[in-house]
1. Specify which residue in the list F84, T74, T100 is farthest towards the positive end of the charge dipole of region 59-118, using unit charges on the beta carbon of Lys, Arg (+1) and Asp, Glu (-1), about the Cα centre.
2. Expressed as a whole number of Å, what is the distance separating the alpha-carbon centroids of region 10-34 and region 39-88?
3. Run through region 1-101 and list the trypsin sites (Lys or Arg not before Pro) located in a DSSP loop whose Cβ has at most 11 other Cβ atoms within 10 Å.
4. For the chain, what is the accessible area per residue in Å², given a 1.4 Å probe and the full set of protein chains?
5. Would you kindly derive the ³J(HN,Hα) couplings of region 186-191 from the backbone phi angles with the Karplus curve 6.51 cos²θ - 1.76 cosθ + 1.60 (θ = phi - 60°), listing them in order in whole Hz, with x for Gly and Pro?
6. Of K2/K86; K118/K146; K118/K213; K135/K175; K111/K156; K135/K214, which pairs sit farther than 20 Å apart, going by alpha carbon to alpha carbon?
7. So for the chain, taking the charge dipole from beta-carbon charges (+1 Lys/Arg, -1 Asp/Glu), which of A121, W148, V198 sits furthest toward the positive end?
8. Give me the angle, in degrees from 0 to 90, between the Cα long axis of helix 201-216 and the longest principal axis of the Cα atoms of the chain, rounded to the nearest 10.
Amino acid sequence: MKIEDTMNGFDIIWDLGRRCTYECTYCPPHRNNKTSPLVTFEDLKKSMTFLDEYVRIYEDMRGKQYKRRKLSFTGGEPTVHTGFLKFANYIKETYGDRYTIGITTNGLFTKRQAELYKDFAGTISYHAEGTPAEKKLVIDNIYLIKHWQVNVMFHKDYFDECIKLCEDLEEAGIKYIPRRIGDDGNDQSSIRNGYTHVYTEFQEDYFAEHWRKKNEK
């Protein structure tokens, strides 16, 4: 869990665990697996009690009440946790409007689940290494939850596919961000392991042109 005091409030990034539905080649092993045990519902409630007390103490120390306190759930894949929705509803019922809830997810869940997640804020990260069936399901969920933002993870070997998706999202009025793969800069070990992608001149030009147009707007 990472707690950040921002200008307008608290941003709490809550990692629910390593378990994930995908095994992307660019995701380091310390960030995902399919075997980690799920945190119990009781432990989640205890963590939330501790967190709320921490925020209250901090606010008392600063002599101010923050208007925004955002819980951003991530992983791994947070929706893999079978008790996630139960816990999210518990937070709403117990703490009311004191906290808003956001989800960062790969979007690989059923349409029935998508309907249940609609009430929350969220970001779907699109991964091009999925199977055609998986990617279709994710795209269907993107259009079903149109108010969420989409992070399009621009895989160097699926670049044209990612461009096409961005064009479709632009036409549909869905917010998106083209994301480079890798946050380790020019670290050669990360590049060798495929965790950081090196892009061609054409691909670099695409990123530059996208942000140029966005800045103009």
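1. T100
2. Region 39-88 and region 10-34 have Cα centres spaced 18 Å from each other.
3. Sparse-neighbourhood loop trypsin sites (Lys or Arg not before Pro): K64, K67.
4. Values: 12310 Å² over 217 residues.
With the other protein chains kept in place, the chain gives 57 Å² per residue.
5. 9, 4, 5, 5, 5, 5
6. Working: K2/K86 22 Å; K118/K146 9 Å; K118/K213 30 Å; K135/K175 18 Å; K111/K156 29 Å; K135/K214 26 Å.
K2/K86; K118/K213; K111/K156; K135/K214, as the Cα separations exceed 20 Å there.
7. Comparing the listed Cα positions along the dipole, A121 ranks first.
8. Around 50 degrees separate the two axes.
The values are calculated or read from the model by the stated rules, or taken from the named source; none is laboratory data. Everything quoted here is computed from the prediction, not taken from an experiment. Because the Cβ atoms are built from the backbone with ideal geometry, glycine has one as well, and the counts that use them run over all protein chains shown. With ligands, DNA and RNA removed, areas are computed over all heavy atoms of the protein, side chains included. Shrake-Rupley method; radii C 1.70, N 1.55, O 1.52, S 1.80 Å.
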